[in-house]
1. Regarding the stretch 25-32, can at least one residue be identified that is under 22 Å from the mean Cα position of the chain (by Cα) and surrounded by fewer than 10 Cβ atoms within 10 Å (Cβ to Cβ)?
2. Within the stretch 3-21, count every residue that is exposed (fewer than 11 other Cβ atoms within 10 Å of the Cβ) and either modelled with pLDDT of 90 or more or in contact with a helix residue (DSSP H, G or I) (Cβ under 6 Å, 6 or more places away or on another chain) (or both).
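The values are calculated or read from the model by the stated rules, or taken from the named source; none is laboratory data. None of the values given here were measured: they were computed from a predicted structure. Note that each Cβ is placed from the backbone with ideal geometry, even for glycine, and that neighbours are counted across all protein chains shown.
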């Protein structure tokens, strides 16, 4: 005693409606499995520590008090730029 295919499809369609799943009789790859998964963004963002206070924040905080601050990293960066600009690109360039 074989059950007609249309009756089985109606049963599967009703089952999908009840359990809130996608009716896919052709068994196409729709990506529903991936789309139902939890998002990974919040977990990845929580893995990294929050940004701490930087030297620039301290400079901005104490600027109204007229305190002189010295950022060695920034000074090294500016010095490297000056050396790069002053370096001739090829011999006899001046």
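1. If we filter the stretch 25-32 for residues that are under 22 Å from the mean Cα position of the chain (by Cα), which is where we start, we get 31.
From what is left, the residues that are surrounded by fewer than 10 Cβ atoms within 10 Å (Cβ to Cβ) are 31.
Yes, that holds for at least one residue.
2. Filtering the stretch 3-21 down to residues exposed (fewer than 11 other Cβ atoms within 10 Å of the Cβ) leaves 3-7, 17-20.
Right, trim to either modelled with pLDDT of 90 or more or in contact with a helix residue (DSSP H, G or I) (Cβ under 6 Å, 6 or more places away or on another chain) (or both) and you get 4-7, 17-20.
Selection size over the stretch 3-21: 8.
Results for (1) in a loop (DSSP other than H, G, I, E, B); (2) modelled with pLDDT of 85 or more; (3) exposed (fewer than 10 other Cβ atoms within 10 Å of the Cβ), shown as yes or no for each residue.
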{"site": "39", "(1), (2), (3)": "yes, yes, yes"}
{"site": "46", "(1), (2), (3)": "no, yes, yes"}
{"site": "57", "(1), (2), (3)": "no, yes, no"}
{"site": "67", "(1), (2), (3)": "yes, no, no"}
{"site": "77", "(1), (2), (3)": "no, yes, no"}
{"site": "80", "(1), (2), (3)": "no, yes, no"}
{"site": "83", "(1), (2), (3)": "no, yes, yes"}
{"site": "90", "(1), (2), (3)": "yes, no, yes"}
{"site": "94", "(1), (2), (3)": "yes, no, yes"}
